[in-house]
Each structure stands twice: as structure tokens, then as C-alpha cells.
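Take a look at the structure below.
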Amino acid sequence: MPFRFAVVCSSNQNRSMEAHNFMSKRGLLVKSYGSGQQVKLPGTSLEKPNVYTFDTSYEY
């Protein structure tokens with residue numbers, strides 16, 4: 001049975017997704033997870049990030 005890997009960060013963005021991409025391209029079985037309540041992306045200011053639930057689709 002092959003190893004399976006998980007990458008985790010608060011918002012499941014940036015470094016964890018880069019690690020997921022790197023590992024996946026090399027044929028490893030990897031899944032990504034977020035430990036926070038929501039995905040937070042930069043917004044118009046530090047006080048106003050774009051916030052989404054984890055089940056929000058890219059077609060949002």
C-alpha cells in the first residue's frame with residue numbers, strides 16, 4: 001500500500017497548496033486541508049480580506 005500524505009494550513013492556501021502541487025506532480029498521493037473556519041484571501045485592505053467557506057466553488 002503506498003504512502004498517503006496530507007498538507008495542512010489555516011486557510012489551505014499558499015505554501016500548503018504549493019507543497020500539494022509539488023508532491024502531486026511527483027506521483028505522490030496527497031490531500032490538502034485547512035484548519036481554520038474559512039479561506040481568507042487578500043482583499044482591498046488588511047482589514048477587509050475576501051473570506052469564503054471551504055465549500056465555495058471556483059465558479060463563485
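Bear in mind that the values in this text are calculations on the coordinates, not laboratory data. Because the structure is a prediction, the values reported are computed rather than measured. Heads up, the Cβs are rebuilt from the backbone with ideal geometry, glycines too, and the neighbour counts pull from every protein chain shown.
For this structure, a couple of remarks:
- Within the option set LYS48, LYS31, being in contact (Cβ under 8 Å) with a residue 24 or more places away in the chain and of a type in the set (D, E, K, R) holds for one residue only, LYS31.
- Number of positions in region 25-60 that are surrounded by 11 or more Cβ atoms within 10 Å (Cβ to Cβ), under 12 Å from the mean Cα position of the chain (by Cα) and in a loop (DSSP other than H, G, I, E, B): 3
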